[in-house]
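The values are calculated or read from the model by the stated rules, or taken from the named source; none is laboratory data. What you see is a predicted model, and the numbers here were worked out from it, not measured in a lab. Cβ coordinates were reconstructed from backbone atoms using ideal geometry, including for glycine residues, and neighbour counts include every protein chain displayed. What goes into the accessible areas is simple: the full protein's heavy atoms, side chains included, and nothing from ligands, DNA or RNA. Shrake-Rupley method; radii C 1.70, N 1.55, O 1.52, S 1.80 Å.
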Amino acid sequence: MKIAMLGAGAMGCLFGGLLSESGQDVTLLDVNDAHLDAIRAQGLRLETDGGDRRVHGLTVLRPEHYRDVPDLLILFTKSLHTEVALRSVAALLGAAPADAPLRVLTLQNGLGNLEAASRHVDPARLLVGMTTWPADLAGLGHVRSHGAGKVRLLPASGEADAQARRIAGALDAAGLQCEVDPNVWAAIWEKVAFNAALNSLCAVTGCAVGQLDHVSDGPALARAVVAEVIAVAHAVGVDADESACQSSVAYAIAHHRAHQPSMLQDVLAKRPTEIEAINGEVVMRARQAGVPVPNTAMLLGLVRLIQARQLDS
Ligand code: NAD
């Protein structure tokens, strides 16, 4: 299968590297030239529980230089870059013959990714999903991922089809533990609840995840945000599981003590965060559904203030 990763940072490289190792024809598309040059020169350095090695044979391009129509394009930019990234390949994707197998899959965190993608891609070609695989960019051309994860996906139509099963099969064969999941929206909202609680709390306080339990307010605030987000999920008809999500948050606080969520890393590096796709989308949907979400909205406002101050300085 011909696969393109649109956004080849931590996750795009992890998935692209593993898919290439499993025999797929993979192209990495990114705008970070120094990172692309490092991969061109020395291969992708992939550090996982399977070993520390270099993956060669990847095609590495800026999106505007890509001329192929892949069978699968996986969207792995940060949510705030989706629009620009898709615009750079939209003409190519739009010109695909009607019978081309092309599918576009978003596995980004947060909500609103499918809506953003459907502005540029025929909705019949779209798949939505989530992943719990972790990855960090350890350096230019170097990705580190330890521990296990899974991938859940479904066509945007909500109906599993042969192409979705083929894609899930390819990801699974690469070791990514992938399934077509009719209940994918529950998994997406549970991850949003987890991120809305831990990412924004850590971004605002500067705490690593484990430091949130230095005072009881930390876990209590995280629990309150999870309860709010799951209430919104229920209000919009998604059967997300609050107790599973509360347990994941408690587990992370107890066991992933030194972990700095990406939103905290972004704040420390003075980069814009994914707050709008996480707390922002939840608060918007909560207002439409008439569900009170005071803690989620407070954290949204605080992260927006931090970002605005950084732009100002
Ligand atoms: P990242 O910042 O490491 O990678 C994003 C890449 O997108 C960067 O290399 C950047 O240069 C590239 N990019 C930016 N604008 C672009 C454009 N116009 N065209 C092409 N590429 C562009 O981020 P990540 O950690 O890989 O996360 C990607 C997505 O996956 C996010 O939505 C994130 O929340 C989600 N996610 C991350 C993890 C994780 O552990 N890192 C886990 C699950 C989900």
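For the residues His255, His259, the requirement of being under 18 Å from the mean Cα position of the chain (by Cα), open to solvent by 80 Å² or more (accessible area, probe 1.4 Å) and without any contact (Cβ under 8 Å) to a residue 60 or more places away in the chain singles out His259. Among the criteria (1) open to solvent by less than 20 Å² (accessible area, probe 1.4 Å); (2) modelled with pLDDT of 95 or more; (3) not β-branched (Val, Ile, Thr), the one Gly169 does not fulfil is (1). Taken together, the criteria place Val209 among residues that are within 16 Å of the ligand (Cβ to nearest atom), open to solvent by less than 40 Å² (accessible area, probe 1.4 Å), under 27 Å from Asn279 (Cα atoms) and modelled with pLDDT of 95 or more. Per the listing Lys191, Lys270, the residue uniquely touching a residue at least 12 places away in the same chain (Cβ under 8 Å), at positive phi, open to solvent by 10 Å² or more (accessible area, probe 1.4 Å) and not acidic (Asp, Glu) is Lys270. Residues that are within 14 Å of His259 (Cα to Cα) and of a type in the set (A, V, I, L, M) occur at least once in the stretch 209-224.
Among the residues of the stretch 70-93, those that are in contact (Cβ under 8 Å) with a residue 12 or more places away in the chain and over 18 Å from the mean Cα position of the chain (by Cα) comprise Pro70, Asp71, Arg87, Ser88, Val89, Ala90, Leu92, Leu93. Name the residues in the stretch 30-50 that are more than 15 Å from the ligand (Cβ to nearest atom) and open to solvent by 30 Å² or more (accessible area, probe 1.4 Å), would you? If the condition is that a residue be more than 15 Å from the ligand (Cβ to nearest atom) and open to solvent by 30 Å² or more (accessible area, probe 1.4 Å), then Ala41, Gln42, Gly50 are the ones that fit.
Evaluation of Gly7 against the conditions (1) at positive phi; (2) open to solvent by 10 Å² or more (accessible area, probe 1.4 Å) shows that the sole unmet condition is (2). Of everything in the stretch 1-31 that is in a loop (DSSP other than H, G, I, E, B) and touching a strand residue (DSSP E or B) at 6+ places or on another chain (Cβ under 9 Å), the residue that is nearest to Gln265 (Cα to Cα) is Gly9.
Apart from one condition, Glu228 fits all of (1) within 16 Å of the ligand (Cβ to nearest atom); (2) in contact with a helix residue (DSSP H, G or I) (Cβ under 7 Å, 6 or more places away or on another chain); (3) open to solvent by less than 30 Å² (accessible area, probe 1.4 Å); the exception is (1).
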